[in-house]
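Shown next, in structure tokens, is the structure this report addresses.
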Amino acid sequence: MTLKVVHVAVGVVLRQQQVLLALRPDKLHQGGRWEFPGGKVETGETTSQALARELKEEVDLDIAASSPWFELQYAYPEKTVLLDIHLVQEFEGEAIGLEGQPVRWVPLSELHQYQFPDANQPILDKLLAEFGRP
Ligand SMILES: Nc1nc2c([nH]c(=O)n2[C@H]2C[C@H](O)[C@@H](COP(=O)(O)OP(=O)(O)OP(=O)(O)O)O2)c(=O)[nH]1
Ligand SMILES: [Mg+2]
């Protein structure tokens with residue numbers, strides 16, 4: 001039994017009324033679900049630095065600025081994650097799945113059609129509450 005919490009930088013990348021999603025490969029933890037791009041914060045990195053690195057590595061975006069939005073801890077049976085969620089509204093480049101994963105700009109109104117990791121429900125709720133059209 002371990003109490004280690006995995007610190008994850010998560011980017012909610014918004015462009016008009018759309019958000020960027022990537023499909024997690026089947027073999028990974030929570031595989032086959034759509035995620036907000038991001039990954040583990042490494043020793044010595046700030047969350048913003050980790051996010052910029054991960055978004056470049058995973059989807060080839062250059063982040064001009066990101067702002068901390070909220071944090072959420074979730075205990076999966078296998079591990080506990082601390083999702084450190086940032087909003088990204090300033091970036092350059094065209095999103096492509098550099099690890100071969102499908103990536104999509106999804107209208108906020110269509111988010112309910114996608115399956116996300118179990119931890120993500122509060123992110124979806126807040127996204128629609130703050131940015132969705134009534
Ligand atoms: N990126 C991301 N990870 C999420 C989300 N929701 C969620 O529960 N997670 C979890 C799944 C994983 O356990 C963890 C992210 O780890 P990861 O495996 O993607 O980390 P990484 O990109 O650094 O990849 P790796 O090279 O270390 O394998 O956070 C989400 O929306 N986006
Ligand atoms: Mg990742």
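Computed from the coordinates by the stated procedures, all read-outs in this text should not be read as laboratory data. What you see is a predicted model; the values in this text were computed from it and never measured.
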More than 16 angstrom apart: percent of Cα pairs within region 1-97: 55 percent
Extension gain (nm, one decimal) between residue 78 and residue 128, 0.36 nm per residue minus Cα-Cα: 15.1 nm
Residue-averaged 222 nm ellipticity for the chain, from DSSP H runs of 4+ at -39500 (n - 2.57), nearest 500: -5500 deg cm²/dmol
Candidate lysines for bridging to residue 4, where Cα separation is under 20 Å - those fewer than 8 sequence places away on the same chain excluded: 40, 79
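Take every DSSP beta bridge whose two residues both sit in the chain, then give the antiparallel share in percent to the nearest 5.
Values: 24 of 33 bridges.
That works out to approximately 75 percent antiparallel.
How high is the relative contact order of the chain, in percent, with contacts defined as C-alpha pairs under 8 Å that are six or more residues apart?
Dividing the mean separation by the residue count of the chain yields 30 percent.
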